[in-house]
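Quick notes on the structure that follows.
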Amino acid sequence: MNLNFVSTTQLQKNPSKVLNEEGIQIVLKNNQMQGVIFSAKIAKRFLDLATLRQIQEELYEMSDPETVKVIEEGRSGKKKGVDFFDFMKQYGVQGRKR
């Protein structure tokens with residue numbers, strides 16, 4: 001799979017050429033990432049595999065304050081581990097009983 005870099009200037013000057021490229025393109029402005037462009041072939045595969053839905057859910061979770069707090073606390077190492085079954089009970093997740 002091709003991974004290319006394209007500037008915002010290139011994208012503005014010739015959007016058709018940029019959009020017709022295969023693979024994944026990282027859009028840069030002043031050497032800073034501004035976005036990502038997927039080729040039509042990759043986008044179709046994402047749609048067929050429901051990958052875009054998964055990405056959408058992940059992005060939602062990344063913007064959810066409670067999720068962000070839990071992740072930050074976990075990464076800081078300041079909390080003890082949580083029993084999996086207690087976690088399931090706390091968040092109302094159904095599963096097998098112990």
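Summary of computed values
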{"read-out": "Rg over Rh [alpha-carbon atoms, Kirkwood Rh] for region 30-84", "value": "1.16"}
{"read-out": "Lys/Arg +1, Asp/Glu -1 at C-beta; the chain dipole; positive extreme among Leu52, Val36, Val6", "value": "Leu52"}
{"read-out": "Virtual spin-label span in nm between Ile71 and Phe84, 7 Å along Cα→Cβ", "value": "2.2 nm"}
{"read-out": "Which labelled figure in (1) 229; (2) 153; (3) 170 is volume of the Cα convex hull per residue in Å³, once derived from the coordinates", "value": "(3)"}
{"read-out": "Cα-Cα over 29 Å, subset of Lys17/Lys44; Lys41/Lys69; Lys69/Lys89", "value": "Lys41/Lys69"}
{"read-out": "Centroid-to-centroid separation of region 10-41 and region 52-94 [C-alpha atoms, Å]", "value": "33 Å"}
{"read-out": "Stretch gain in nm, segment Leu19-Ile55, where the contour uses 0.36 nm per residue and the Cα spacing is subtracted", "value": "10.9 nm"}
{"read-out": "Sites Ala40 and Ser63, calculated FRET efficiency, Cβ-Cβ separation with R0 30 Å, nearest 0.05", "value": "0.65"}
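Since every read-out is calculated from the coordinates, none of them should be taken as a lab result. Remember, predicted model here, so these are calculated numbers, not experimental data. Neighbour counts run over all protein chains shown; Cβ positions are idealised from the backbone, glycine included.
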